[in-house]
Each structure stands twice: as structure tokens, then as C-alpha cells.
1. Given the -39500 (n - 2.57) contribution per DSSP H run of 4+ residues, what per-residue ellipticity at 222 nm results for the chain, rounded to the nearest 500 deg cm²/dmol?
2. Let me know the Kirkwood hydrodynamic radius for the stretch 94-230, please, with Cα pairs as the basis and the value in Å to one decimal.
3. Net charge near ALA348, counting Lys/Arg +1 and Asp/Glu -1 over other residues with Cβ under 11 Å of its Cβ?
4. Could you bin all the Cα-Cα distances of the stretch 285-340 into 5 Å bins starting at 0 and give me the percent of pairs in each, rounded to whole numbers?
5. What are the ³J(HN,Hα) values, in whole Hz, obtained from phi via the Karplus relation 6.51 cos²θ - 1.76 cosθ + 1.60 with θ = phi - 60°, for each residue of the stretch 146-156 in sequence order, with x given for Gly and Pro?
6. Which whole-Hz ³J(HN,Hα) couplings does the stretch 287-296 yield from phi under the Karplus relation 6.51 cos²θ - 1.76 cosθ + 1.60, θ = phi - 60°, glycine and proline marked x?
7. Regarding the stretch 220-376, what are the three Cα extents along the principal axes, ordered largest first, in Å?
8. Pick from ARG53, ARG287, ARG21 the residue whose mean-square fluctuation is largest in a GNM of the chain, springs joining Cα atoms under 10 Å.
Amino acid sequence: MVEFYYQCNDCNKRYQRDEVRYLCPACGQKTKPGYPLQGVLSVRFDYDSIRQRFKSDRTDWSCFYAIEDRYFPPYPVGNTPFAKVESLGKDLGFTNVWVKNDGLNPSGSLKDRASQLLVAEANRLDEKSIVTASTGNAACSLAAAAAAAGKRAIILVPHTAPQEKLVQMLIHGAQVIPIKGTYDDAFRLSLEFTQSYGGLNRNTAYHPLTIEGKKTVGLEIWAQNNFTVPDVIVVPVGDGVIISGVFKAFEDLKKAGLTDRLPRLVCVQAESSAAVHHFITTGEFRRAAPASIADSISVSVPSNIFMASRAVHESGGFSLTVNENDILAGQSLLARRTGIFAEPSAAATVAALAKIRDTKSVDADDQIVLLVTGHGLKDVRSAKLNLLIPDAVEPNMEAINAMLTAQK
Ligand SMILES: [Zn+2]
């Protein structure tokens, strides 16, 4: 670990490590109910130390972590596959498309990166319980990481979360509290919960280390890409923390003098739940309906909307939306062309790529990375919408032949 401090994204005030835990005390209290968070903190390192310590032939990632190695739980995450997907790229009119498959983290989503770091922080602070609101995946990953560390996970989740995700939380022994409301209701109640009962709150953006945890996917993409920066990274966006984390990775690398540019970040939202997209394109906040089949990115009040918007603008990227049919078509195309089964929100990146081709907003030979954030087995109900499971046939070749003929 190298020295770091927290800095408020709104007033720029600096805080020492244990001077503050969540938001900037001055700006955080300006957050109005039903509006995105004010006073979100960013970790700022001693970048000269990183420059001196980091060697690409023995990647010492600890200098990019705001916590000492000894606190990490026995819950390894990351090092997920990064591969070129020629066939998918060709189908969509591009020559250099890659996938970072973060659905292969232990709990099946990128959220493991943040949960691992927050559990490490709970170890450091000797907190016994960790509380989170979640659309599903953050809670699954917290349940798993907390189980590995012998901590108690307390989870507030919209009751509409896919059953597979609720099962995943429960199997790890988490205390699950389904809320008859939205993710935004769960978010608000989880803050009240930690204020009343204590514990460490893992809510995304509210705890600055969630952004740091998600950042590691960007560091890995850079390393797996032979320590070069791709031209474009396409990111599914709900509350805005993953795209902020990816941006932070490349911002840290640039500040440390290890790279000289940023990848263009493309924000993809579901048309039916597009508060971040609306903010990026108009500068105005408008609540969205949390109504998409892509449940992981269905958020009406995105907590980290301001940083997400900065990530897109400062990286020279852009934002777009995709509809429900496009998302399901993207899920099917990704599965058939690459062997990767992604959940709908992650498949939104494929739908986005088809749209990017039509608008010519990215060159056909640019290196494009699709960030697959969650595994498809987390939401079988959605994937089944476009599939027909065949009826069983009698156990003989005549029946099989009849079936093959009928399917022609
Ligand atoms: Zn502030």
C-alpha cells in the first residue's frame, strides 16, 4: 500500500483515512431525498510512490489498493478472462472486439471486486457485520465474501430481484430483508439501518472503497492488454459506480505516469431506466422508472451519477440506450458467438455495439472492450423469454428423427 487520502468530488476538501468513513461530512448532508449522492469521496494516492514501485514484469497491485494486504479475506476475486471475440466483432462490423468476462468471478459478477475490499475494510475496523442495499449482484457477492471472512451480511433488496439471486444470498447465510419497494427504497433504508444498529455500510458510492474495488477491473484490462490502453470500453450502467471505477483505474495509471491516455468510456443504459444517460446528455437529473429486464442496471436514482457523467465526458466517450428486445437479442448473440452466457444488463453492451455501428461513433478497427459484468445463470427467467425448451420424446430414433424433421 502507498499513502493515500480521501478527496471530496464536490468541494475538493481532503480527509485523512480514518477522519471520515462515507461521504464528505460537509457535502453529504446536502443530499436531498430522491436525488443522487453529494460529497462522494475519491481515494487519491501518492502517485510518485506508485511510479517508483510499480513494475510491469511483477505487477504489484498493492500500490493501487487503499488497504493493507493482511486484511484481505480468503476470497480471491478477479483475474477473469480477457479475450478477442472475432466472430462477434465481425457480425457487428468491427475488427477488434474484446470481452472482459467478469461474470466468472466467484459469485458470478464484477461486484465481487468491491465486496472483497469492503470485507477487508471491515476486518481492519473490526466490524462484525456489513450492511448493503442492492439490486441483487452486490448482495450476492457481499453474502459470499462475508461468509468467507466469518462476517455477518445484512441485505436489503427489492422483492422483485430474480429468485436465483435471492437463493445465492441465502445459501451463504446472509440475513436477507426483501423490501416491497425499489432499489432506491432499499438504499435509503440501509443507511437508516447502519445509523440505528451500526456495522459497516457497503452501499455503492456511499462507501468510497466500492469505487476502488471496481477499479481493479480496469487495471486488469490494461495489464491483460499488454499494458496498453484500449480505444473504447463499453460499460453497462445502473448506479454509475462501475463506470466510475473503470475511469478511476485509468486516471490512476495516468497520474502515476504509467499510461498517457484514457480509453473512451461508453455508458450503456436500458431505455426504460436511463437516468444517467439523461443526465450525461442534458445536464439535468430526472428520476427513471426501474423497469428494465436488465435488473442490475434498473435504478431510478443513480447514487454516483455525477462521477459517471465526468467519466464519460473526460474520457471523450458518450452515452446511449438500448431497448428490451435489443438486450435479449444481444444476450443471444453473445452466447451463440462466444460461448459466454451473460445476464441481461451485461448483454446490453452487445446491443450497444450494434447501435454504435449504425451511428458510426467508433471506428471499425478501434480496439473495443465489452465489459461483461454478470453471469447469465443469475437470471434464468429472463433468458427463457426467447427460448423454447423442447418437449421430451419417446426413447427411440424414430421419435428423434421426427423431432429433427419438425424443427427444420
Ligand atoms: Zn465536500
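1. That calculation yields -12000 deg cm²/dmol at 222 nm.
2. Final number for the Kirkwood radius of the stretch 94-230 is 15.4 Å.
3. Local net charge: -3.
4. So the P(r) values, bin by bin, are 4, 15, 18, 21, 19, 16, 7, 1.
5. Once θ is set to phi - 60°, the couplings for the stretch 146-156 become 5, 4, 5, 9, x, 9, 9, 9, 10, 10, 10 Hz.
6. The phi angles translate into 4, 10, 7, x, 10, 8, 5, 7, 4, 5 Hz.
7. Computed over the stretch 220-376, the largest-to-smallest principal extents equal 42, 38, 28 Å.
8. ARG53
Every number in this text was worked out from the coordinates using simple rules, so none of it is lab data. Because the structure is a prediction, the values reported are computed rather than measured. Glycine gets a Cβ as well: all are built from the backbone with ideal geometry, and neighbour counts include every protein chain shown.
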